[in-house]
1. Can you give me the number of residues within region C:150-185 that are within 30 Å of C:Cys8 (Cβ to Cβ) and touching a helix residue (DSSP H, G or I) at 6+ places or on another chain (Cβ under 9 Å)?
2. I'd like to know if region B:401-410 contains one or more residues that are more than 7 Å from chain C (Cβ to nearest Cβ), touching a residue at least 40 places away in the same chain (Cβ under 8 Å) and assigned to a strand (DSSP E or B).
3. Take the residues in region C:350-373 that are closer than 25 Å to C:Lys273 by Cβ and over 28 Å from the mean Cα position of the chain (by Cα); name whichever of them is farthest from the other protein chains (Cβ to nearest Cβ).
4. Could you name every one of the helices (runs of 4 or more DSSP H) located completely within region C:12-88 that has at least 2 residues being among the hydroxyl-bearing types (Ser, Thr, Tyr)?
5. Say whether the condition of being in contact with a Ser or Thr (Cβ under 6 Å, 6 or more places away or on another chain) and either in a helix (DSSP H, G or I) or closer than 22 Å to A:Arg153 by Cβ (or both) is met by at least one residue in region A:44-63.
6. Kindly indicate the residue of region C:145-184 that is of a type in the set (Val, Ile, Thr) and modelled with pLDDT of 95 or more and also farthest from C:Ala76 (Cα to Cα) among those meeting that condition.
7. Among the residues of region A:76-88, what is the count of those that are facing another protein chain (nearest Cβ under 8 Å) and touching a Phe, Trp or Tyr at 6+ places or on another chain (Cβ under 8 Å)?
8. Tell me which residues, restricted to region A:155-198, are touching a residue at least 40 places away in the same chain (Cβ under 8 Å), surrounded by fewer than 18 Cβ atoms within 10 Å (Cβ to Cβ) and in a helix (DSSP H, G or I).
Amino acid sequence: MLSIDNLQASVADKPILRGISLEIKAGEVHAIMGPNGSGKSTLSNVLAGRENVRVTGGKVTYRGKDLLAMEVEERAREGVFLAFQYPVEIPGVGNVYLLKAALNAQRKHRGLPELDAMDFLALVKDKMKLMEMNESMLYRAVNEGFSGGEKKRNEILQMAVLEPHLSILDETDSGLDIDALKIVANGVNSLRSPERSMILVTHYQRLLDYIQPDFVHVLAGGRIVRSGGPELAHELEREGYAWIGDAQSQTVAAQ
Amino acid sequence: MNSVPDTLEEFISQEYQHGFETLIDADEIPRGLSEDTVRLISARKNEPDFLLQWRLDAFRRWLKMTPPTWSNVHYPPIDYQDIIYYSAPRSQKDGHKSLEEVDPELLKTYEKLGIPLHERAILAGVAVDAVFDSVSVATTFKDKLAEVGIIFCSFSEAVQHHPDLVRQYLGTVVPVQDNFYAALNSAVFSDGSFVYIPPGVRCPMELSTYFRINAKNTGQFERTLIIADQGASVSYLEGCTAPMRDENQLHAAVVELVALDDAKIKYSTVQNWYPGDKEGRGGIYNFVTKRGDCRGARSHISWTQVETGSAITWKYPSVVLRGEESVGEFYSVALTNHRQQADTGTKMIHIGKNTRSTIVSKGISAGYGQQAYRGLVRVARSAIGARNHTQCDSLLLGDRCQAHTYPYIEVKNNSATVEHEASTSRIGEDQLFFCRQRGIDTEDAVSMIVNGFCKEVFKELPMEFAVEAQKLLGVSLEGSVG
Amino acid sequence: MNPFVEYCQSQLALRVAEAPSQEASRHSAWARFENVGWPTTRLEAWKYTSLAGLEKITPPTESFAELTWDFLKDHALLPDAKHRMVFIDGVFHEGLSRLDRLPQGVRIGPWSLLQDAERSDLVPRLMPAQTMTAFGALNEALFTDGAVIQVSGGAHLDEPLLLLHVTRGMHHGVQYVHLGENSEMTVVEQHLNLTDLPCHGNFATAIQLSPHSRLTWIKVQQGGAQSYHTAAVHAQQQQGSQLRYFPFALSGAMGRNDITIRLVETHAEVILKGVYQVADRSLQDFHTSIEHDCPECISDECFKGVLDGTGRAVFDGRVRVALDAQKTQSRQSNHNLLLSDKAEVDTKPQLEIFADDVKCSHGTTVGQLDETQWFYLRSRGVDKEVARTLLIKAFVKEIAEAVPHVEVRQALLHWLGTEEEEGFRHV
């Protein structure tokens, strides 16, 4: 599905990612954990194609194609979905309009006919039930005046409608109360399938109680300093990130 | 005012504290203005010919100009022939050498004003240039500053000892024909301060000028020129007072700042000229042109002003952002009480790439005071990536005061971001009642609200000045609500 | 004297000959115009707006084909308007208009069909709009025709009135509106040129709102490459009256609107929300003045501008709160989207406050499209250009959405191309 090879990237000329390599197969869920400032969000942004992140080295192959050569919208249509850490408010653009435009852009890209308003609404309403969202939110402007929890649910709704191959969830759990977290996790879990992969970017173990990852990676100083199974997340929860300082210096020393 | 006032109505009526007069023998030239006056002033000051010619050029241009009428201030026409353009304490010769030579009466005056000129008894770490009517009477810490190559002296001295620097920079920020008052100043300016900070030097102490108008019927026309060479930085303070007189006196100063690459100039003013009495008699007409030129890349010029005095204030400290990534700032608190009028604001002219400017203007209007914020933010086509943020708030006390906002925003570049916000609100009797019911007296409540309102600006002032400014606002507001 | 003024002067004699009873007022207006003089950029009110283009034009000599409603309705914002007045080149066109279904208490008709006595009565009432600018004086001296709207107390015009002006030469027109106590109506004023030849329309609108009356007015300005439009609007609002005025300046070489709204009695409310769009070689200029003369009135003003190509826009918005106009609430904002590096905006929001117990604010922004929003839309697969257009439309949509009348709002949203999601609401 996704193969990241020695990826390096900078933001405002400051190197943030210093050589990341990661293999994600179809159907796998990978959690990327790490302290603040470790480069987690930069990794999400670089995969989605954010322009303020400059790739300075390395390769990313997505379903056999060079991901980094694609435009933002092309990646989206190819099935890469980023659930934003801070979903953007767009006054004046209806939520339902965005969903329909996005879905049809993707269908067109894949050579499928566009959905008419009736079929589209039936689909969206179905997904909204899953996310326990009020239908009225469809007709409001994108994220405008939404609470933190509503915004995050709206992200997952978009994900559910677009059915991406690769979903990147950037700190989707931040700012959610426990009930909202369960709803979001439920939405995410319903999308798990052998054809889909996910990257969960998170600071805390909490989200992983509801969405079981297959692999856990710890990111620090722009590198993956440890990888393991779900048990690694529990270990982090118990011991925090303090040990990373040592691990990092060891990595540096090893190099 | 002995007892604590109870209502807004009672609050505010303390007299102007710096209204005394110093009796001193003065060397004055006759009233009136002509080419001869200009020649006379230049001769008194033993100036080189280039400066005389420069003054005469300004004078001839001034004759063809008319006073600006676009501002929202009202005053009877000024008779420019009825003003004395040069007045100096008799004992004081240009280029004073040491404090011992300064007339003891003058030293007393400054002591009374709280401006110590004895270097030992000092506001720690502040060098002062004291300007009395038309001349500088003392400059402290000159030698200490000279050790690091800083020139801090009266303008007259700079003309004598550093004519090349004067010639290189004078009038390059505010050209002689810039406006009516600037042209007048260029023709007849008498003294002022001169600062040059050499490359890479951070000025080790605050520099300051203290302006005092004393003589009757005189105008004060001082000229300040500050140059911060590459990588230099300086913080400069200016204070002003005048005696209480029934007739209006004119103060038409020009301040020019030049910041070269990576230089930083911070210019703070606490302006407390005599504002006139409650009925609007007397007071200073403060018609001042202040402008900074961010000539170098990454240079930074910051104006902070607290304006509480003057019958009429007309001034727009501005920054021309020429150098790439240069920064201009303007922080202002202006208070008008009784019959005071103020038309003040700033101009930020963005020319260089990625230039940034910030404007924070706080206007407080009380009594019959009237006040206008007038600002210009211009983004030239060349100013790619320029940013400006303007915040402009008015606080009203009393139902006969006025507050106006006239921002001009001219944007010729689509990569620019310009934001302007303004609001107007009041201190009401109900708010005060609430505070008093909670045990806070009116005076404290008003000062609490006013200080909160001005906080953003006060925090930009050097510490000693911030305290003084807060006190000054408290005093100036007394009696403001009727 | 420039060619434009020369042409105007040649028209004066014609107008006087047509209606000798107005000779005096037309001559004195011309004298007033000469006294004020042709506006130049040396005047504060014209600082950013040069009339160099207008100065040179004279009306085209071509003759134009007769217009039919079948043709016009494709251009009309409300093609099915129940009530409509059509003015072609400054003159009321009875055949194209439809005023036969007006409810009781609503009197709408053209100036040209009024009796002399009625005209003399109206002349002073138009004056406030005609004394605002040099163009107002020209208007009084030269106007040919106009709409006269009088709604008596308690009456209610059931459906919006369409005022359609087609200007292909150089013409001056008036509009007079008087709403009686507690009456209500919606007006859509639309200006078209249907030609790329030089033309100029100059309008003066006087609005009087009696206590508790409610007027909604939508103005849509469209023009060709050499079309010039100048207009002065003066509204006076009595107690508790509501005015909602929505100007949309969408195209044309140059447009200048001077809008003055006076709130002369308590509890009057005004909503003034407009859009200007400029592209290559075009300019739109809005000068607005809201005058709170009395306590406890509310004003809410918002203008949004989209500037592309070498387009220029000017916004000069003044809010004045008079002495004793306590408890005034006033909001003003002006937001500009600069889409090209050659566009230019000059904006000057002003507050003049002479009372202390007031809540007033204004805000202005000038900027580009929001990068984060753009990225967000693209990350959902929306095409780059589509996302851009979408964000531009979303920017101005807010103004159209404030129009209270449903059909007019839908028509406007459709015109601005922002109606896409409306479709879903009916599913």
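1. So the answer is 10.
2. Let us first name the residues in region B:401-410 that are more than 7 Å from chain C (Cβ to nearest Cβ), namely none.
No, there is no match, as no residue in region B:401-410 is more than 7 Å from chain C (Cβ to nearest Cβ), touching a residue at least 40 places away in the same chain (Cβ under 8 Å) and assigned to a strand (DSSP E or B).
3. Filtering region C:350-373 for residues closer than 25 Å to C:Lys273 by Cβ gives C:350-353, C:355, C:358-370, C:373.
This time we only want the ones that are over 28 Å from the mean Cα position of the chain (by Cα), so: C:355, C:358, C:370, C:373.
Details: C:Ala355: 6, C:Val358: 6, C:Asp370: 8, C:Gln373: 5 Å.
Only one residue fits best here, namely C:Asp370.
4. Values: elements: C:23-36, C:52-55, C:69-72.
Counting at least 2 such residues, we get C:23-36.
5. Yes, the conditions are met somewhere in region A:44-63.
6. Step one: list which residues in region C:145-184 are of a type in the set (Val, Ile, Thr), which gives C:148-149, C:151, C:166-167, C:174, C:177.
Still in the list and also modelled with pLDDT of 95 or more: C:148-149, C:151, C:166, C:174, C:177.
Details: C:Val148: 21, C:Ile149: 20, C:Val151: 24, C:Val166: 11, C:Val174: 20, C:Val177: 22 Å.
Among them, the one singled out is C:Val151.
7. The qualifying residues number 3.
8. A:Asn186, A:Ser190
The values are calculated or read from the model by the stated rules, or taken from the named source; none is laboratory data. This one's a predicted model, so the numbers in the text were calculated from it and none came from an experiment. So basically every Cβ, Gly included, is an ideal-geometry build from the backbone, and we count neighbours across all protein chains shown.
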